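The values are calculated or read from the model by the stated rules, or taken from the named source; none is laboratory data. The structure displayed is predicted, hence computed values, not measured ones. Heads up, the Cβs are rebuilt from the backbone with ideal geometry, glycines too, and the neighbour counts pull from every protein chain shown. Ligands, DNA and RNA are stripped out before the accessible areas are found, and what is left, the full protein with its side chains, is counted by its heavy atoms. Shrake-Rupley method; radii C 1.70, N 1.55, O 1.52, S 1.80 Å.
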Amino acid sequence: MEKTMQNDNCQKIKLLRLMELLRQETDENHPITTSEICRRLGEMGISCERRTVGKDMKLLQSQGFEIMSELKGHENSYWIADRSFELPELKILMDAVQAALFIPEDKTEDLLKKIAALGGTHQAELLQGNLVHFNTRKHSNRSVYYNI
């Protein structure tokens, strides 16, 4: 009984880590192969066999996650197409944070990193490398930021 419960928990954690990996590191231009998924999960201490990755992806798709796949060579590659924000929307949010005078400089940097991370690793690099610096003086009183 305890062994079955342990296996169930491992499978749940595996699916959570798999989604995290897909959301953070994949997009249409950066898919991840089945063998790379197994390797990355193995680094996290989660056992994974190549033949179960496809089943896991089908399960996630059946639950409404927009996971795309394509055959590359002799194995499947996967990426997540469902993003909460599109790249232009993230850029608009980042520009608004930079232009907001009431947000202190250190909080501006923190918020910009968090917003960029919403697009995944590859998009975050693009967004952070494409920042427009406004010629404004930021507020230094942090209580204004927290009151808003």
Exercise for review: Tell me, yes or no, whether region 67-88 has at least one residue that is free of Cβ contacts under 8 Å to residues at least 40 places away in the same chain, closer than 23 Å to Ala117 by Cα and of a type in the set (Phe, Trp, Tyr).
Suggested key: yes
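Please verify whether Gln123 is touching a residue at least 24 places away in the same chain (Cβ under 8 Å) and polar (S, T, N, Q), treating the condition exactly as stated.
yes
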Check your understanding: Looking only at region 115-148, which residues are surrounded by 12 or more Cβ atoms within 10 Å (Cβ to Cβ) and either of a type in the set (Ser, Thr, Tyr) or at pLDDT 80 or above (or both)?
Key -> Ile115, Ala116, Ala117, Leu118, Thr121, Tyr145
Study note, to complete from the structure: Here the qualifying pairs (Cβ atoms under 8 Å; residues six or more apart or on different chains; first in region 31-48 and farther than 21 Å from Gly73 by Cβ; second part of a helix (DSSP H, G or I) and among the aliphatic types (A, V, I, L, M)) come out as Ile46/Ile13; Ser47/Leu41
Revision key, fill the gap. Selection from region 57-100 of residues open to solvent by less than 70 Å² (accessible area, probe 1.4 Å), under 16 Å from Pro31 (Cα atoms) and out of contact with any strand residue (DSSP E or B) (no Cβ under 9 Å at 6 or more places or on another chain) yields Arg83
